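Have a look at the structure below, then the notes.
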Amino acid sequence: MKRILLFILPILIIISVSFTIFGVFQVRSEEDRLTEDLKRKARAVAESMELSARHILANNDLRGAKRTVERFQKRERLQGCVIYDSKGAIYAVTERFSDWKEKDKPYLKYILENKAPRGAIEKFKNYTVYSYILPVLDDENNVVGLVEIIYDTSYVFTQLAQLWRRLSITLIILVVVILIIALFLQKQIFVSPVERLTEWFKHFQRGDIDAQHPIKEKGELGKLAREVEQVALGLRVARKTMTEEAQVRVEKEDLWTEAKLRDNIRAKLGENALFVVSNREPYMHVMDERSGAPRCVRPASGVVTAIDPIMRACGGTWIAHASGNADKKFVNSKNKLGVPPKDNRYILKRVWLSKAEEDGYYYGFSNEGLWPLCHITHTRPIFRESDWQAYKNVNQKFADNILEELPAKNAFIFIQDYHFTLLPKMIKEKRPDVTVALFWHIPWPNPEVFSICPYQEEILEGMLGCDLIGFHIQYHCNNFLDTANRLLESRVDTERFSVIRFGKETFVRAFPISVDDYMEGKDDQTYNEEMEKIRKEFDLKDKVVAVGVDRIDYTKGIVERVLAIDRFLQKYPEYKNKFVFIQLAAPSRTHIKRYHDLMGEIDELIEKVNWNHMEGDWRPIIYLKRHFSPEEISPFYRLADICIVSSLHDGMNLVAKEYIAAKRDLNGVLILSRFTGAAKELTDAVQINPYSREEFADSIKFALTMPESEKKRRVENMRKEIRENNVYKWAGNIISEITSLKKPDTYSATQT
Ligand code: ADQ
């Protein structure tokens, strides 16, 4: 519309200006014509009256004079007649011009003397009039009087105004007609073909380019579409070849690597599209407070840590909540961008949420309700009706965002976590043909615990829209199957590990998540330099170093960890001045009171413990409260003699695995809470009950005094476990499971 206006506006301006100039000339000539006409008429009338006036004046016929002038009174327009005697005094005047007597008429003298007629425009009251005065002569050519005819000129202006009105209306009609014709032409020539082409591209994007949706366009746009089709065909063929080659390579390789996952996904997914949905986005853009420039950060999140390598390996689209304050600056018109920023491997689609939506759905229902419900940490879940409504609305918003991206057939949607329990059902209602899997990254509680949730049925029903639900460990799978069995009308098949409700089957499987080959990117020399820097900065020479890396969350057992260190130093004071614990802690969900209070509690506790044990410059705990990039964290893992993971309850815990993966020199000890999912796999860790302060403190001592050979043996075993069951295998297994599920063959795009 803007473009067409830009095009026709100059034309309209030219037409309007020309029309106005033409109008001015037209009105001027009309004015001249009417005025001339008026003068001519006045002269003719005066001349026609000359004879009768002479007779009246000669006979002093006052009655005849009055009769003559009063004839003008009856006329429609304002007209009048005045008869003067030979002295220039008014003899008779038309009634409506009786005030004419008062008018000063210096020109009469001149007319009487020169016997010359006079025509002039005069002012009379509020009128403009034309007056024509004709001398009346007798046979001896003497002036016996004057006849004056007065015509009102206002009708000339009325006529001119009417003419202007007619011209304006003609101009408006002309402009409207030109506009309509221009819009019509632009629709025919430009908009409609582009709309048809866009529609075709939409189908084409979704892979829906069969005979039902042929390219209808002819001409240049048609040529363009046909070229695009050829490029896509070339890509499809290349992809197919790659898929087959990938299959061969997958079969050859034993260990899972990024390359094997990529091959596996290509072999399994083929041309089918993969979509990941999560609350947390893998890359967020935030304004750097110091420099004022936007920068890209990777949030501290286990989900992001796990899924990003998969998406890097296989491409696809990741749909997530846009939470960075500079996110808007980096998306295209469809809210998408290529990530990672400098090496685009997949598409990130950002979904915007209002503050109220974020409060209700994320902070409220997800993190004050479901999070404490699923973690046994004795923090009471809060279920507010308003949060639930926001949660439902946001799930619907994500469903809409996904549905508009889905191709015509064979799409796989991989949903992350407890933020989207309703999403699977919402998607399936509209697109029963797509395969939906959900991975639950946190623990699933037993039915008694879950049954306190007021919205339990809707949540379970929503989740059972999935074809596959994954948990980290079998124990959580069993809890879920039990919950579905007890709280919902459904049948659990214990042989197939599935839940059947209304004929729809949902498989439930354990997929223990893991890490990729952590820190493979840097060479040893770079690491040594970075570790040396840290040692200098924190005065760690000759100290044994323990490290903790967490989001600040009450489930991570940071308070219990600090209390255990306090107890350890009380019990084994010989470690004073020799032992340092470094806690890297990323603030998280700080708007929630429980988290806000926890931050204060940890600050105070660390200060107190440091105060209790400090000696000279030495403090037992170094607390680094900020977000660190993975590259910044890795030298801490490398230099730490011990890593402490003391979660009170944790779905898996990636920090434990990251530490072991980073320990290439095998010289380290992992202290690991037995309430983490990781404890089921990392059985060579020193396992603790974080609630038991005494046991915890002794475990630190045990770790510090462990013989080198024992440390090596344990770390080696755990590294083997992680190498064999890394994040690529986790993803590969899930993708294999998803793609092996039987689905209806095709989907009719008309259903969207
Ligand atoms: P989280 O509870 O977020 O994940 P976790 O598995 O511990 O927990 O992963 C945290 C990630 O954040 C790690 O990659 C770690 O390196 C990183 N991180 C921690 N502190 C950081 C800091 N200060 N700065 C930057 N990064 C930091 C949820 C579940 C877990 C499950 C994961 C994956 O709660 O049980 O293991 O998902 O499924």
How would you classify region 588-681 from its alpha-carbon gyration tensor, with a ≥ b ≥ c the square roots of the eigenvalues: rounded for a/c under 1.5, else prolate if a/b is greater than b/c, otherwise oblate? oblate
Ranked on Cβ counts within 10 Å of their own Cβ, fewest leading, Ile382, Ile11 go Ile11, Ile382
Pick out, in residue order, every one of the GluC sites (Glu not before Pro) in region 276-373 that is DSSP loop and has at most 14 other C-beta atoms within 10 Å; say none if there are none. Glu289
Between rounded, prolate and oblate, where does region 66-152 land on the alpha carbon gyration tensor, with a ≥ b ≥ c its root eigenvalues, rounded for a/c under 1.5, else prolate if a/b exceeds b/c? prolate
For region 524-724, shape from the Cα gyration tensor axes a ≥ b ≥ c, cut at a/c of 1.5 then a/b versus b/c, turns out rounded
So, over other residues within a Cβ distance under 11 Å of Asp698, counting Lys, Arg +1 and Asp, Glu -1, the net charge is +2
Compute the acute angle (0 to 90°) between the alpha-carbon long axis of helix 524-537 and the principal axis of greatest extent of the alpha-carbon atoms of the chain; round to the nearest 10°. 90
What net charge is computed for the residues neighbouring Gly369, neighbours being all others with C-beta under 9 Å from the C-beta of Gly369, Lys and Arg scored +1, Asp and Glu -1? -1
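What does the convex hull of the alpha-carbon atoms of the chain project to on average, in nm²?
The directionally averaged projection comes out at 56.0 nm².
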Where the Cα atoms of region 2-152 are projected onto their three principal axes, how long is each span, largest first, in whole Å? 83, 29, 26
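Could you work out the local net charge near Glu615, counting Lys and Arg as +1, Asp and Glu as -1, over the other residues with Cβ closer than 13 Å to its Cβ?
With Lys, Arg at +1 and Asp, Glu at -1, the net is +1.
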Helix 258-269 versus the longest principal axis of the chain: what angle, 0 to 90°, nearest 10, using Cα atoms? 60
Simple Cβ-charge dipole of region 46-147, Lys/Arg +1 and Asp/Glu -1, about Cα centre, in debye nearest 20: 440
Violating pairs (Cα-Cα greater than 23 angstrom) within the set Lys409/Lys729; Lys39/Lys103; Lys268/Lys729; Lys202/Lys425: Lys409/Lys729; Lys202/Lys425
Least to most buried among Ser647, Ser131 (fewest other Cβ within 10 Å first): Ser131, Ser647
To the nearest 10 degrees, how steeply does helix 154-186 sit against the main Cα axis of the chain, on a 0 to 90 scale? 30
For region 699-720 and region 425-503, what is the separation of their C-alpha centers, rounded to whole Å? 39
When the charge dipole of region 2-152 is computed with +1 on Lys and Arg Cβ and -1 on Asp and Glu Cβ about the Cα centre, the Cα farthest towards its positive end, among Thr35, Ser16, Leu57, belongs to Ser16
With a 10 Å Cβ neighbour count serving as the proxy for reagent exposure, in which order, fewest first, do His591, His55, His321 appear? His591, His55, His321
Could you work out how far the C-alpha centroid of region 1-19 sits from that of region 621-687, in angstrom? 71
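Place the peptides 452-463, 16-27 in order of packing, highest mean first, counting for every residue the other Cβ atoms within 10 Å and averaging per peptide.
Going by the mean number of other Cβ atoms within 10 Å, highest first, we get 452-463, 16-27.
None of the figures in this text is laboratory data; all of them are computed from the coordinates on show. Not measured: the values here are computed from a predicted model. With ideal geometry, Cβ positions are generated from the backbone for all residues, glycine too; neighbour counts draw on all protein chains shown.
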